[in-house]
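J.: Got a structure for you, questions after.
The values are calculated or read from the model by the stated rules, or taken from the named source; none is laboratory data. Quantities reported herein were computed from a predicted structural model and do not represent experimental measurements. Cβ placement follows ideal geometry from the backbone for every residue including glycine, while neighbour counts extend to all protein chains displayed.
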Amino acid sequence: MKKLVPLTLFALVLASYAMLVSTVLANPYVWVYDENGNLCDVFNIGDKLRIQAYDSSTPYRIRVYDPNGNINNEWISNTANFDSGLVTNATSMLGRWTVRTTNYECKFAVGMYNVIPEISFGILGILGACFAGFGLKYLRAKRKV
């Protein structure tokens, strides 16, 4: 009898959880992928990307905003799953881009990605740091003499 009470309590909790999960409607979701299909939030200028979204209530709107807040791309999806295919003009300027999915129940999801300068600035910074270190070592060696 003592073992039956905890099992009954566990069964009630499990049943109430199952009822809760079955009644909750899914919110919209949005993902940004690189052209190889990997989730990504950093791109270089000119890179291609793919936008995927999901919403259980259709139709819903997907908009891509550039760093200035202007609409760059816009789609309306009549199916729950949306795939933009490869988008070529969504990395045309530096800064933080925003992908916003909105349905007609005023539920929304926001995804963001950054477009950064080419990697050559990073290489120049690393070389500058190396030369600064060698310069400090040279100055210290010159003071000892």
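J.: When you scan the range 88-106, how many residues do you find that are in contact with an Asp or Glu (Cβ under 8 Å, 6 or more places away or on another chain), buried (at least 19 other Cβ atoms within 10 Å of the Cβ) and not hydroxyl-bearing (Ser, Thr, Tyr)? So that I can check it myself, show each step before the final result.
T.: Narrowing the range 88-106 to residues in contact with an Asp or Glu (Cβ under 8 Å, 6 or more places away or on another chain): 91-93, 95, 97, 101, 103.
Within this subset, residues satisfying the condition of being buried (at least 19 other Cβ atoms within 10 Å of the Cβ) are 91, 97, 101.
Then keep just the ones that are not hydroxyl-bearing (Ser, Thr, Tyr); that gives 97.
Looking only at that region, the number is 1.
J.: Still on this model: Pick from the range 33-62 the residues that are aromatic (Phe, Trp, Tyr) and in contact (Cβ under 8 Å) with a residue 40 or more places away in the chain: which of them is farthest from Leu86 (Cα to Cα)?
T.: From the range 33-62, those aromatic (Phe, Trp, Tyr) are 33, 43, 54, 60; that's our starting set.
Those left that are additionally in contact (Cβ under 8 Å) with a residue 40 or more places away in the chain: 43, 60.
Values: Phe43: 14, Tyr60: 20 Å.
Among those residues, the one meeting the criterion is Tyr60.
J.: Further, regarding this structure: Restricting to the range 1-15, name every residue that is modelled with pLDDT under 75 and either surrounded by 10 or more Cβ atoms within 10 Å (Cβ to Cβ) or of a type in the set (Phe, Trp, Tyr) (or both).
T.: Ala15 - this is the single residue of the range 1-15 that is modelled with pLDDT under 75 and either surrounded by 10 or more Cβ atoms within 10 Å (Cβ to Cβ) or of a type in the set (Phe, Trp, Tyr) (or both).
J.: Tell me yes or no: at least one residue of the range 47-62 is under 17 Å from the mean Cα position of the chain (by Cα), crowded, with 18+ Cβ neighbours inside 10 Å and more than 17 Å from Met112 (Cα to Cα).
T.: yes
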